[in-house]
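Student: Provided herewith is a single structure, encoded as structure tokens, for subsequent inquiry.
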Amino acid sequence: MALILVTGGAGYIGSHTVYFLRQRGHEVAVVDNLSRGRAKSVPDGLLHQLDLRDAAGLTALLQSRPFDAVIHFAAFIAVGESTKLPELYFSNNVASSISLFEAMLKAGVKRVVFSSTAAAYGIPTHVPIIETQPSQPINPYGETKVMVERILETLDLHREFRSVCLRYFNACGSEPAAGLGECHEPETHLIPLILRAVRTGQPVTLFGDDYPTPDGTCIRDYIHVSDLAEAHINSVEHLLRGGESQVFNVGTGHGHSVKEVVAAVERVTGKKVPVTLGPRRDGDPPSLVADSTKLQITLGWKPTRADLDRIVSDAWDFAQHGTCA
Ligand SMILES: NC(=O)c1ccc[n+]([C@@H]2O[C@H](COP(=O)([O-])OP(=O)(O)OC[C@H]3O[C@@H](n4cnc5c(N)ncnc54)[C@H](O)[C@@H]3O)[C@@H](O)[C@H]2O)c1
């Protein structure tokens, strides 16, 4: 069993991954500045409240115990915000990653799993998307992730610094057994927004119904957060076995339209979703679906919670019984 440092472990995907790492018997420490996460999502005694750009603090932490690897989630994630404040995203997502990698090198920790994104592809040339499609992000958020991927490629080449970059598609759902769920503020993700509309009666806006898709609404690949967490564990264990650097898509390989998600919410909750129709948003591709064959073949990972009603039902469980306070 290994000792793993998780950055951003107080956030949505990080906290789920901490839960599954511990289930698997790994020892975990968390670094998070709580700018967007919740201390309550981290088990007692694991949290080090620190900004990744605090190079001295981070180096001291990494040198304080024999860490085997890092899983690096900490970042800002809102595409819209990144177009208004790109400098914030370059600082928080790129500069903080460089600070982390420098501290890791000083401490002799040379394995990292990095949260990348489907936004790395921009407007894909083919769907389902395979990893060899060009990285052509169309917003600053996607740019920051591609920049970090490039830095990791270079560190692999010259510093024997091994990484797995996981390009996730739309993370969603929750792990009811862990009492964890999705708490972004402001929330920009579709399923929590639809569930909020069900709870409050305030309509959710659907952006565009004239896309070249069967029902006119955008198609996305919804990946259950617990399946995503397990992909991180497979990835870190690959690196711990001495595995080489890799880039993998993480999705189910199946797309669902916005209208299909609304219908699933109505089935699961038994309630009508109040909706209003808005215009298309700039830069929303009609369809983003992952081909995750490479991850499945290389690391034996398989999504086991891909059913849309299961995803919505777990998210609904958290919306009813969980708390983001
Ligand atoms: N949620 C998705 O659908 C999705 C999709 C693709 C990629 N990702 C990536 O996955 C990662 C996690 O996403 P999430 O949805 O869990 O986000 P989140 O906002 O819930 O969690 C991010 C955490 O990082 C912390 N953090 C941010 N900047 C920090 C810094 N400089 N120092 C220390 N801590 C810092 C925040 O406080 C927060 O707890 C991000 O890197 C994101 O880009 C997410």
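The values are calculated or read from the model by the stated rules, or taken from the named source; none is laboratory data. Every value quoted in this text rests on a predicted model; they were computed, and no experiment measured them. Cβ coordinates were reconstructed from backbone atoms using ideal geometry, including for glycine residues, and neighbour counts include every protein chain displayed. Quick note on the areas: whole protein, heavy atoms, side chains included, nothing else; ligands and nucleic acids left out. Shrake-Rupley method; radii C 1.70, N 1.55, O 1.52, S 1.80 Å.
Student: Can you return the lysines within cross-link range of LYS302? Criterion is Cα-Cα under 21 Å, with same-chain partners fewer than 8 residues away left out.
Tutor: LYS294
Student: Restricting the count to DSSP beta bridges whose residues both fall in the chain, what percent are antiparallel, rounded to a multiple of 5?
Tutor: Antiparallel bridges: around 10 percent, rounded to the nearest 5.
Student: Determine the order of TYR168, TYR19 by accessible area, beginning with the largest, at a probe radius of 1.4 Å.
Tutor: TYR19, TYR168
Student: Also: Provide, as a two-decimal number, the C-alpha radius of gyration of the range 55-174 over 2.2 N^0.38 Å, N being how many residues it has.
Tutor: Normalised by 2.2 N^0.38 Å, the Cα Rg of the range 55-174 equals 1.11.
Student: Roughly how big is the range 258-325's charge dipole about its Cα centre, with Cβ charges of +1 (Lys, Arg) and -1 (Asp, Glu), in debye to the nearest 20?
Tutor: Dipole of the range 258-325, to the nearest 20 debye: 60 debye.
Student: Still on this structure: Counting helices only, and only those DSSP H runs with n ≥ 4, report the 222 nm mean residue ellipticity of the chain as the sum of -39,500 (n - 2.57) divided by its residues, in deg cm²/dmol to the nearest 500.
Tutor: -11500 deg cm²/dmol
Student: Name every cysteine in the chain that ends up alone, with no second cysteine's Cβ under 4.7 Å, or say none.
Tutor: Cys with no partner Cβ under 4.7 Å: CYS165, CYS172, CYS218.
Student: Report, ordered by chain and residue number, the lysines lying within cross-link reach of LYS259, taken as a straight Cα distance under 25 Å and ignoring same-chain residues fewer than 8 apart.
Tutor: The reachable lysines, counting only those whose Cα sits under 25 Å from LYS259, are LYS271, LYS272.
Student: May I pose another question? For the range 146-290, what relative contact order do you get, as a whole percent, if you take Cα pairs closer than 8 Å and at least 6 residues apart?
Tutor: 35
Student: Let me ask something else about it. Check the straight Cα-Cα distances from LYS84 and name the lysines below 19 Å, setting aside those fewer than 8 residues away within the same chain.
Tutor: Partners found: LYS145.
Student: Provide the three semi-axes, in whole Å and in decreasing order, of the ellipsoid equivalent to the range 153-305 as defined by the square roots of 5 times the Cα gyration tensor eigenvalues.
Tutor: Here the semi-axes work out to 33, 18, 14 Å.
Student: With r defined as the distance between the Cβ atoms of ASP215 and GLN23 and R0 fixed at 22 Å, what FRET efficiency is calculated, to the nearest 0.05?
Tutor: 0.05
Student: Quick one: give the max-minus-min coordinate of the C-alpha atoms of the range 105-217 along each principal axis, largest first, in Å.
Tutor: The principal-axis extents, from largest down, are 55, 38, 23 Å.
Student: Still on this structure, I have one more. Please figure out what share of the DSSP beta bridges in the range 24-164 is antiparallel and state it in percent, rounded to the nearest 5.
Tutor: 0
Student: Given a cut-off of under 8 Å on Cα pairs at least six residues apart, what relative contact order in percent is computed for the chain?
Tutor: 19
Student: For the range 225-325, max minus min Cα coordinate along each principal axis, in Å, sorted largest first?
Tutor: Rounded to whole Å, the extents work out to 51, 34, 26 Å.
Student: Let me ask you something else. Peptides 102-108, 290-296: what's the order by average Cβ count within 10 Å, highest mean first?
Tutor: Top to bottom by mean Cβ count within 10 Å: 290-296, 102-108.
Student: Based on the alpha-carbon gyration tensor of the chain and its eigenvalue square roots a ≥ b ≥ c, which shape applies: rounded if a/c is under 1.5, prolate if not and a/b is larger than b/c, or oblate?
Tutor: prolate
Student: Another question, then. Which distance in nm do the two modelled labels at LEU105 and THR293 give, with both placed 7 Å along the Cα-to-Cβ direction?
Tutor: If labels sit at LEU105 and THR293, their model points lie 3.7 nm apart.
Student: Right, something else. If we sort 57-65, 29-37, 208-216 on the protection proxy, mean other Cβ atoms within 10 Å, highest first, what's the order?
Tutor: 29-37, 57-65, 208-216
Student: Just for the range 165-272, what percent of DSSP beta bridges are antiparallel, to the closest 5?
Tutor: Rounded to the nearest five, the antiparallel share is 30 percent.
Student: Which order, highest average first, do 245-252, 177-184 follow once you tally other Cβ atoms within 10 Å for each residue and take the mean per peptide?
Tutor: My ranking of the peptides, most packed first, is 245-252, 177-184.
Student: Would you list MET147, MET1 from the most to the least accessible area, probe 1.4 Å?
Tutor: The residues order as MET1, MET147, largest area first.
Student: On average, how much accessible surface per residue is there in the chain, in Å², for a 1.4 Å probe, leaving out ligands, DNA and RNA?
Tutor: Per residue, the chain has an accessible area of 43 Å².
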